[in-house]
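Take a look at the structure below.
The values are calculated or read from the model by the stated rules, or taken from the named source; none is laboratory data. As the structure is a prediction and not an experimental result, all values here were calculated from the model. Cβ coordinates were reconstructed from backbone atoms using ideal geometry, including for glycine residues, and neighbour counts include every protein chain displayed. Only protein heavy atoms, including side chains, enter the accessible area calculation; ligands, DNA and RNA are left aside. Shrake-Rupley method; radii C 1.70, N 1.55, O 1.52, S 1.80 Å.
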Amino acid sequence: MNSKFLGTGVALVTPFKSDLSVDYDALKNIVEFNIENGVEYLVISGTTAESVTITKQEKKDITAYIVEVNKGRVPLVLGIGGNNTAAIIEEIKTTDLSGIDAILSVSPYYTKPTQEGIYEHFKAISKVSPIDILLYNVPGRTSKNVEPDTIIRLAHDFDNIIGVKEAGNSTYQYLQLIKNKPEDFLVISGDDDLALGVTLAGGSGVISVIGQAFPKEFSEMIRLGLKGDAKTAYKIHYRLMDVIDYIFEENNPAGIKAVFEALDLCSSEVRLPLIQASEALKTKIVDFVKAF
C-alpha cells in the first residue's frame, strides 16, 4: 500500500488579500500550521483552492511556492483534472512536477460521459502521467457518478492509478469500493462527515477540508481510525461535528475561509461567483472556534 497517502491529506485553500490577489504570507502560515500539527500530506489546487477561478500562471506560482515552503517534509498532491481530456494531457506534459508526489484528477464534469467514456479518459491520462494518479469522484459537482465497477477496473488495469478520493457521500458506495478493490489500492474519503467511518471500515483516511483548520485533532482522529480505536476517535469526531456542518452550509471554501478568519490565519475573501459566508454563519463559526 502507498503509505505516503495513508492518514490525513488536506485540500488547501488559496488565501486572498482584500484586492483578491493571492496572499502568499497567509498561504505559508497555513502550510506550516498543517505540517507542524501532523497532517500526512497536502493537496494543491483542488476544489477548495478555488481552482476554477485561479489563472494558469497563478496555479503555476502557487504550486512552486508550496513546493518551496514544504521542502520535502510531506508528500504533495496536485489537482490536474477537467472535462477536456486533451487539455489535461497537455497540462500534465507541460507542468513541472518535481516535488509533486501524485496528481488528483477529478472525473469529467458538465459533459456527462458514459462509464466507458470516463474509463477511456483516465486511461489516456494514465498513459502520459509520469507520477501516480488519485482519481476523484464527486458526483455532487460533476453531475455524473463514477461507478465502483469503473473505479475498480481502472485500479486493476493501470499501475499508476493508486487510489480514489471518493466524495459521493454514499456509505454503500464506499463499502463496495473497500470490499472489491485490489489490496494496495487506496480508498480515501472526500467527505469530512463520513471520513472516520470510512477509515474504520478499511479506507485509507481522508482528503479533508476542515482538517486544515483543526489539523492536530483531525489527523489524530484519522490515525486512531486506522488503528481501529473507534471509541477514542469518535470522541474527537463529536467535537468537530458541528463545524463540519457549518463549513458546507453555504459553499466551499467560503465556510472554511470563515474558520481561518476566526483563527486569524487568512481573510474570508473568495472570488466570484462564490461569495463570503453570511454574517449569521460567520457568527456561528466564531462562536464554535472560541468554544473549541
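Tabulated data
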read-out: Region 1-27 and region 160-184: distance between their alpha carbon centers, rounded to Å; value: 24 Å
read-out: Carbon plus sulfur fraction of accessible area for region 1-131, probe 1.4 Å, in percent; value: 52 percent
read-out: CD proxy at 222 nm, helix term only [per DSSP H run n ≥ 4: -39500 (n - 2.57); per residue of the chain; nearest 500]; value: -14000 deg cm²/dmol
read-out: Where the chain is the region considered: accessible area per residue in Å², 1.4 Å probe; value: 43 Å²
read-out: Label of the coordinate-derived value, mean projected area of the Cα convex hull in nm², listed as [x] 21.0; [y] 19.4; [z] 13.7; value: [z]
read-out: Listed residues Ser278, Ser98, Val289: farthest to the positive end of the dipole of the chain (Cβ charges); value: Ser98
read-out: Burial order of peptide ranges 235-244, 156-165, 7-16 (average beta-carbon count within 10 Å, highest first); value: 7-16, 156-165, 235-244
read-out: Against the rule of thumb 2.2 N^0.38 Å, how large the Cα Rg of region 213-282 comes out; value: 1.28
read-out: Distance-filtered residues of region 25-58 - backbone nitrogen under 14 Å, label point 7 angstrom along Asn251 Cα→Cβ; value: 47-54
read-out: Region 152-230 - percent relative contact order, Cα under 8 Å, separation 6 or more; value: 25 percent
read-out: Carbon and sulfur %, accessible surface of region 170-276 computed with the full protein complex present, 1.4 Å; value: 52 percent
read-out: Dipole in debye (nearest 20) - the chain, about Cα centre, beta carbon charges: Lys, Arg +1; Asp, Glu -1; value: 300 debye
